[in-house]
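Here the structure comes first, spelled out in structure tokens, and everything after it is commentary.
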Amino acid sequence: MTARITLVQGDITRQRADALVNAANSSLLGGGGVDGAIHRRGGPDILAECRALRASHYGKGLPTGQAVATTAGRLDADHVIHTVGPVWSATEDRSALLASCYRESLRVAADLGARTVAFPAISTGVYRWPLDDAARIAVRAVRDALAAAPDLLAEVRFVLFDEAAYAAFEEALAAQG
Ligand code: ADP
């Protein structure tokens, strides 16, 4: 059975899922927006694992478009998957990197055996990606990944912080069937 794509409006740190995706930055050492909220509510164990990743595999930071998992600390999830979205650019098309964030996060989730995965709208905050375009890219990337591996996941949930983001994802989902 193909996994369902669902939408909810709310705070991703209040969600229950096997894996919650963090819109991190490449330092993996915390930031604002989703990142700040995840570390605040998830507690210090997440940051401790991020620091260990920086000291081992990711000495220069996590590259844009890639994903890596840590504990979810006190969050109601088994894992947090950190991914680094591209900063939006008017002069350079970085869509492939944004799609990669979704694809790589789902790959990491599947490797961990996670069946339900919740995503925020990556790159649409501090990184300024226009919502409608980000929503189209996100929905397409997730649909393609699910089509390629239909039995791996049960649910992919987009958790949209406000009404505008929810509407953009609703429209993208409707437009892409
Ligand atoms: P980025 O740096 O990738 O742009 P941000 O965290 O700044 O990431 O924002 C990404 C999106 O997540 C924005 O649409 C923002 O409104 C939204 N957002 C911020 N806090 C939360 C939260 N706690 N839960 C879900 N979405 C959030």
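The values are calculated or read from the model by the stated rules, or taken from the named source; none is laboratory data. Just so we're clear, the structure is a prediction, and the values are computed from it rather than from any experiment. Using ideal geometry, Cβ is built from the backbone for each residue, glycine included, and neighbour counts are taken over all protein chains shown. Areas reflect the complete protein model, heavy atoms only, side chains present, ligands, DNA and RNA absent. Shrake-Rupley method; radii C 1.70, N 1.55, O 1.52, S 1.80 Å.
Here are the numbers for the structure shown:
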item	result
Any hit, region 84-106, residues being buried (at least 16 other Cβ atoms within 10 Å of the Cβ) and over 25 Å from ASP132 (Cβ atoms)	no
Enumeration of residues in region 38-83 that are farther than 18 Å from ASP111 by Cα, small (Gly, Ala, Ser) and in contact (Cβ under 8 Å) with a residue 24 or more places away in the chain	GLY42, GLY43, GLY61, GLY73
Candidates VAL142, VAL159, filtered to the one that is within 14 Å of the chain's Cα centre (by Cα) and more than 12 Å from the ligand (Cβ to nearest atom)	VAL142
Residue that is under 28 Å from ARG136 (Cα atoms), more than 17 Å from the chain's Cα centre (by Cα) and of a type in the set (Ser, Thr, Tyr), where the choices are THR64, THR83, THR91	THR91
Residue in region 116-128 that is open to solvent by less than 10 Å² (accessible area, probe 1.4 Å), assigned to a helix (DSSP H, G or I) and under 24 Å from GLY31 (Cα atoms) present	no
Pair list, Cβ under 6 Å, 6 or more apart: region 139-161 residue modelled with pLDDT under 95 and part of a loop (DSSP other than H, G, I, E, B), other residue among the β-branched types (Val, Ile, Thr) and open to solvent by 50 Å² or more (accessible area, probe 1.4 Å)	PRO150/THR2
Scope region 67-90; condition within 14 Å of the ligand (Cβ to nearest atom), of a type outside the set (A, V, I, L, M) and outside any loop (DSSP other than H, G, I, E, B); matching residues	HIS82, THR83
Residues being assigned to a loop (DSSP other than H, G, I, E, B) and surrounded by fewer than 17 Cβ atoms within 10 Å (Cβ to Cβ) - total across region 42-66	7
